[in-house]
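Presented below is the structure to which this report refers.
The values are calculated or read from the model by the stated rules, or taken from the named source; none is laboratory data. Here the structure is a predicted model, which means the values were calculated and not measured. Reconstructed Cβ throughout: ideal geometry from the backbone, glycine too, with neighbour counts over all protein chains shown. SASA here: full protein model, heavy atoms, side chains in, ligands and nucleic acids out. Shrake-Rupley method; radii C 1.70, N 1.55, O 1.52, S 1.80 Å.
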Amino acid sequence: MKLQQLRYAIEVARNDLNISQAAQSLYTSQPGISKQLRQLEAELGVELFARSGKHLSTVTPAGEAILSKAEEILTKLNDIRAIAGEFSDSRRGSLAVATTHTQCRYVLPPVIRRFIDRYPDVALHLHQGSPMQISRLAADGTADFAIATEALELFNDLVMMPCYQWNRAILVPRDHPLSSMEERSLSLEAIARFPIVTYTFGFTGRSKLDEAFSSVGLKPRVVFTAADADVIKTYVRLGLGIGIVAKMAWDETVDADLVALDAGHLFEHSTTSIGLRRDAFMRGFMFEFIEMFAPHLQEALVIEAMKCRTAVERDGLFAGVEIPQI
């Protein structure tokens, strides 16, 4: 049994049993992966994947159990490499972060600039995806950190630590009826009179938006959704509807053609968190990245959080910590 074979099997499962996609992800050939999978199954004496003709149709029960252990093995292997790297050269290595477009585009750039300036020999990798994809990447060790706001129940395998709180803005063209309204007069009823362009459910605090309208018996007309705030702004400019986005996604220079109305008084704030595996080996530059992103998450606090085994313990740890608002 070879570690490469385990990597191939795991990548095939991650790519919905599409061997071609797995081959592209691994920079290898489809026939090579198929051959290695067959050899692995022959050695183990069980099929990892059921087949329909030449195609894989599902992961077998034996395959699910074996792939789960294989992921643990590869994660531990990555930890061993990290430990060796910390002792051989503490300023060289790699760091992978899984997050959403909003974080990548509007929050992380200055953090990444500072980090690269301080650690030019650390290769930094960003993986964008949905909350489900982000949680999976961090849980299986593909990413060192997950940064997310929505669907935190998907991150039960990770230690999730609060980073900052944020709220929303209403974006409209300058000739829109709402553009001249005073922010304190802005209401959910006023917003609900217009078609709305906002985030896809499950992205960037969308659940808080839906809860706010539902609490006052309103059903907004959401005519278009996207995971990307830049896409939302494009369709606001086209007149499709008013935009509801994270306030940090509006840039007064780039988006000067749009009016941003602060809607913080209408919606409950959202909290963005950063998560990591409880048993992860943390290199020095990893602690520094977290602190650059969330200054209150200093090394000692992160270490204490990693010791928490329940959400109640974690919440108690952060009860007295002031979470910044942006």
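A few notes on this one:
- Checking the cross-link pairs LYS208/LYS247; LYS2/LYS76; LYS219/LYS247; LYS69/LYS307 against a 20 Å limit on the alpha carbon distance flags LYS219/LYS247; LYS69/LYS307 as lying beyond it.
- The alpha-carbon atoms of the chain define a convex hull whose volume equals 173 cubic angstrom per residue.
- Separation of the range 6-41 from the range 122-160 is 23 Å, based on Cα centroids.
- The Cα trace of the range 82-166 gives Rg and Dmax of 13.6, 40 Å, the first to one decimal, the second as a whole number.
- Sparse-neighbour loop sites [chymotrypsin sites (Phe, Trp or Tyr not before Pro); the range 7-84; at most 15 other C-beta within 10 Å; DSSP]: TYR27
- The chain, dipole about Cα centre (Lys/Arg Cβ +1, Asp/Glu Cβ -1), debye to the nearest 20: 760
- Normalised per residue, the volume of the convex hull around the Cα set of the range 249-297 (Å³): 135
- P(r) tail fraction, the range 17-161 - alpha-carbon pairs more than 25 Å apart, %: 43
- Charge sum, other residues only, whose C-beta stays under 12 Å from THR234's C-beta, Lys/Arg counted +1 and Asp/Glu -1: -2
- Other residues whose C-beta falls under 11 angstrom from the C-beta of ARG136 contribute a net charge of -2, scoring Lys and Arg +1 and Asp and Glu -1.
- Apportionment of accessible area to carbon and sulfur, the range 127-195, percent (1.4 Å): 48
- Dividing the mean sequence gap of close Cα pairs (under 8 Å, 6+ apart) by how many residues the chain holds gives a relative contact order of 19 percent.
- Counting only alpha carbon atoms, the long axis of helix 206-215 and the longest principal axis of the chain meet at about 50°.
- GluC sites (Glu not before Pro) restricted to DSSP loop in the range 107-210 with at most 12 other C-beta within 10 Å: GLU182
- Net charge contributed by nearby residues that have their C-beta within less than 11 Å of THR58 (K/R +1, D/E -1): -2
- For the range 58-131, the ratio of Cα radius of gyration to the globular rule of thumb 2.2 N^0.38 Å stands at 1.46.
- Each distinct pair of alpha carbons in the range 211-326 adds a 1/r term; the inverse of their mean, the Kirkwood radius, is 17.8 Å.
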